[in-house]
Amino acid sequence: MGKRKAWILNLGLTLGSVLFGVLMGEIGLRLAGIEGLKKLPQPGHGNFSPSFYTMSHPDLGWTNRPGASGLWEQEGEAYIKININGFRDQIYSKNKAKDTVRIAVLGDSFTLAVQVDVEQTYWSTIEKELQNCAGLKGKKVEVMNFGVDGYGTAQELLMLREKVWDYNPDIVILSFFIGNDIIDNSAQLESNHYRPFFVYKDGELVPDYSFRNLSLEHSDRYWITAVDRLPSGLVNHSRILQVAKKAERDLKQKNLLQHLNKLNAKNFQEPTDLVWQEAWNITEDLITLMNQEVQQKNAEFLLVTIADPIQVHPNPAFRQSFMNTYQIEDLSYPDQRLQRLGDRKRFPVLNLAEPFQAYSEENNICLHGFETAVPCAGHWNPDGHQFAGKLIANQLCQQVKK
């Protein structure tokens, strides 16, 4: 046998062995019921996706998917249903009925609140509590949920402009999460770039929609894997590739967690570098701009700051350990800064950190976290939603008396 024929034979045997191994691997994984992740159906949905209830949007980056429904079990457990207008709420007419007070709530995953049932959410609690408000006697109160997972203040301002005003709200609540909303507003700090940011142009804050031209592999370095660069048909029909993708994605998520832990500590410190200084400036200017636009519509504005879980952990020693590790002097820095902003610009601010911490410590209870996830961390559990809803309702009731 010639050398060439021998080489071709060996190559054929090698390829045949590889193909046989791949085939056996595919069969084995399927018989064992081991699953991975399919390829993303379209460019970026943020670091919480792909999910059954989100979809791409040319202006907002992503939105809730109208008509989507299903069971959420990753943190907490709840049935999720998105209405035909793209909101996790009942369907409202754009024509507001007489003697009705409408309250629009803008926010991120704390407001969408897929971890709990609708009846347990803080915005549902607000609506129930305000039925007993003397200043609203004889009026119907409608609290509308415009929350979307992963949103920052930039997207919430655009949501206000594009969708909220269609419903003619009397009050607009901006729910601001201390844990990542400052980061979300900075293209330098946020890892998910498949979203609009606001930038300064000639001294004016304007939206930047350059994410529209972003390719899939460049949208989020902590989410996109090497497998996502392969053809969809190949990935979505290969269990081996799907398992490989999940393994790489899990590793990237661990790296992301480490990255976020370092960033998280910066939220509680006076910014000393230009990137964080600009992130804070953009954040404060976005909130100020939102307040101005609300006032121009003859509506009322309320900024609610949602505490980072570390701020309200029931164990003082745990909080102090975090502060010592990252050399933090005061965990209330972001709340105080946003309160000063409200004082300067003359809009009300409700900081939830202090009452949450006091309640958690006094009752030795976690208002964040679930048994199926990390305790005292993550999103609000039903107790957290109920407590927040009562605090916000009390604030609103005081506002309408003035």
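Bear in mind that the values in this text are calculations on the coordinates, not laboratory data. From a predicted model like this one, the values you see are computed outputs, not experimental measurements. As a convention, Cβ positions derive from the backbone with ideal geometry for all residues, glycine included, and neighbour counts pool all protein chains shown.
General remarks:
- With distances taken between every two different alpha-carbon atoms, the range 106-212 has a Kirkwood hydrodynamic radius of 15.6 Å.
- Amide H contacts of Trp62: His57, each under 5 Å away and 5 or more positions distant or on a separate chain (H built 1.01 Å from N in the peptide plane; Pro and chain starts excluded).
- Annotation: for a label point projected 7 angstrom from Cα along Cα→Cβ of Lys98, residues of the range 129-144 with backbone N closer than 16 Å are 138-140.
- 5 angstrom amide H check on Glu300, placed H, neighbours 5+ away: Ile171, Val172
- Dipole axis of the range 53-401 (+1 Lys, Arg; -1 Asp, Glu on Cβ), positive-most option in Asn363, Asn281, Phe318: Asn281
- Local electrostatic count at Trp276 - Lys and Arg +1, Asp and Glu -1, tallied over other residues with Cβ under 14 Å: -4
- Calculated FRET efficiency for the pair Val374/Gln90, C-beta based, R₀ 30 Å, to 0.05: 0.40
- Each principal axis of the range 311-402 carries a Cα extent, and these read 41, 32, 21 Å when sorted largest first.
- Length added when fully stretched, Arg346-Arg65, from 0.36 nm per residue minus Cα-Cα: 97.5 nm
- Long-range HN-HN contacts of Lys140 with modeled amide H, under 5 Å: Thr100, Val101
- Near-label residues of the range 104-125 by backbone N, under 13 Å of a point 7 Å along Cα→Cβ of Gln131: 124-125
- Rounded to the nearest Hz, the phi-derived 3J(HN,Hα) couplings of the range 106-120 under the Karplus curve 6.51 cos²θ - 1.76 cosθ + 1.60 (θ = phi - 60°) are 9, x, 9, 5, 5, 8, 4, 6, 5, 6, 10, 5, 3, 5, 9, where x marks glycine and proline.
- Distance-filtered residues of the range 335-374 - backbone nitrogen under 11 Å, label point 7 angstrom along Asp383 Cα→Cβ: 359-370
- Packing here is the average count of other Cβ atoms within 10 Å per residue, and on that basis the peptides 186-196, 318-328, 75-85, highest first, run 186-196, 75-85, 318-328.
- All other residues whose Cβ lies under 14 angstrom from that of Lys81 are scored, Lys and Arg at +1 and Asp and Glu at -1, for a net of -1.
- Of the peptides 200-207, 60-67, 88-95, the order by per-residue mean of other Cβ atoms within 10 Å, starting with the highest, comes out as 60-67, 88-95, 200-207.
- Simple spin-label estimate for Lys297 and Val199 gives 2.7 nm between the two label positions (7 Å along the Cα-to-Cβ direction from each Cα).
- Virtual spin-label span in nm between Asn363 and Lys401, 7 Å along Cα→Cβ: 2.3 nm
- P(r) for the range 53-401, from all Cα pairs and a bin width of 20 Å, is 28, 61, 11, 0 %, short bins first.
- Between Ala317 and Lys254, the C-beta separation translates, for a Förster distance of 35 Å, into a calculated FRET efficiency of about 0.85.
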